[in-house]
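Here's the structure we're looking at; comments come further down.
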Amino acid sequence: MFTGIVEELGTVVALESQSDALRLSVRGSLVTEDASLGDSIAVNGVCLTVAGLDGDVFTADVMRETLDRSSLGALSPQSEVNLERAMTMSTRLGGHLVQGHVDGLGEVRDRIPSEHWEVVEISLPPQLAPYLVEKGSVTVDGVSLTVVRVDDARGSFTVSLIPETLARTTLGRRQVGEPVNLEVDVVAKYVERMLAPHMDRRLVAQEED
């Protein structure tokens with residue numbers, strides 16, 4: 001579990017393509033300073049397991065399912081990535097509860113700069129739209145953000161990026177047309193799951209009436 005507060009920008013060192021997977025090596029001096037084999041580190045919002053350590057470089061295996069559902073397959077050597085270690089019981093929850101399980105891919109639609117912040121519009125897959133609400137939480141490339149607006153007609157949502165986020169994460173460099181990993185608030189998914197049986201019974205009752 002993570003909080004969506006990026007700890008550092010890492011750099012992809014190497015990618016080893018395998019038949020149905022990818023072996024990814026990333027340099028990150030902060031996230032590796034206390035890392036051990038088996039630890040979890042989020043890379044652009046994707047929870048990966050540390051399979052190897054060599055100084056400030058960690059290696060992780062990325063399975064086909066992860067490659068199909070995230071943008072990690074588009075990385076190349078020297079790509080910058082957002083890194084965050086798994087939270088501990090004593091960690092301040094500065095963002096929101098983030099699992100590191102990507103729900104879908106969005107695409108940067110527009111960037112509107114202002115004097116002190118930047119509004120970014122991101123496309124929203126239709127199946128994820130019900131989970132986003134104005135002032136709710138969403139994770140974009142591992143960054144916990146507040147939804148400014150959901151535009152169902154355009155199939156998109158907007159977020160405001162403060163100078164700190166622009167400087168310390170890859171979101172400050174994402175160009176229009178580039179993909180981003182999206183994870184919706186897990187609480188919304190649990191609520192939907194719990195309410196589904198009651199909604200089904202209500203529909204049956206209405207049909208019988």
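Table for the structure above
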quantity	calculated
Check: the chain dipole with +1 on Lys, Arg Cβ and -1 on Asp, Glu Cβ, in debye	160
Computed helical MRE - 222 nm, the chain, DSSP H runs ≥ 4 contributing -39500 (n - 2.57), nearest 500	-5000 deg cm²/dmol
Under 5 Å, built H, 5+ apart or other chain: amide partners of GLU84	GLU7, ALA42
Hz values of 3J(HN,Hα) by residue in region 140-156 - Karplus curve (6.51, -1.76, 1.60), Gly and Pro given as x	10, 6, x, 9, 6, 9, 9, 6, 7, 8, 10, 10, 5, 5, 8, x, 8
Correct option for Rg and Dmax of the Cα atoms in Å [calculated from the coordinates] among [x] 17.0, 53; [y] 18.3, 68; [z] 32.2, 118	[y]
Cβ-based exposure ranking for ASP141, ASP68, in which fewest neighbours within 10 Å come first	ASP68, ASP141
Relative contact order (%) - region 111-192, alpha-carbon pairs under 8 angstrom, separation at least six	33
Selection from VAL13, VAL102, GLY142 lying farthest towards where the dipole of the chain points positive, charges on Cβ	GLY142
Filtered GluC sites (Glu not before Pro), region 1-107: DSSP coil and at most 11 other beta carbons within 10 Å	GLU33
Charge dipole of the chain about the Cα centre (unit charges at C-beta), most positive-ward option of ILE122, SER79, CYS47	ILE122
Per-residue Cβ neighbour rank within 10 angstrom, fewest leading, LEU83, LEU166, LEU128	LEU166, LEU128, LEU83
For region 8-85: relative contact order, % (alpha-carbon pairs under 8 angstrom, 6 or more apart)	40
Fewest-first ranking of ASP39, ASP34, ASP103, using other Cβ atoms within 10 Å as the exposure measure	ASP34, ASP39, ASP103
Gain upon complete extension [ALA14, MET89; 0.36 nm per residue less C-alpha separation]	23.7 nm
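Each reported figure results from applying straightforward, stated rules to the coordinates on display, with no laboratory input. A quick note: this is a predicted structure, and the numbers were derived from the prediction, not measured. Ideal geometry is used to build each Cβ from the backbone, glycine not excepted, and the neighbour counts take in all protein chains shown.
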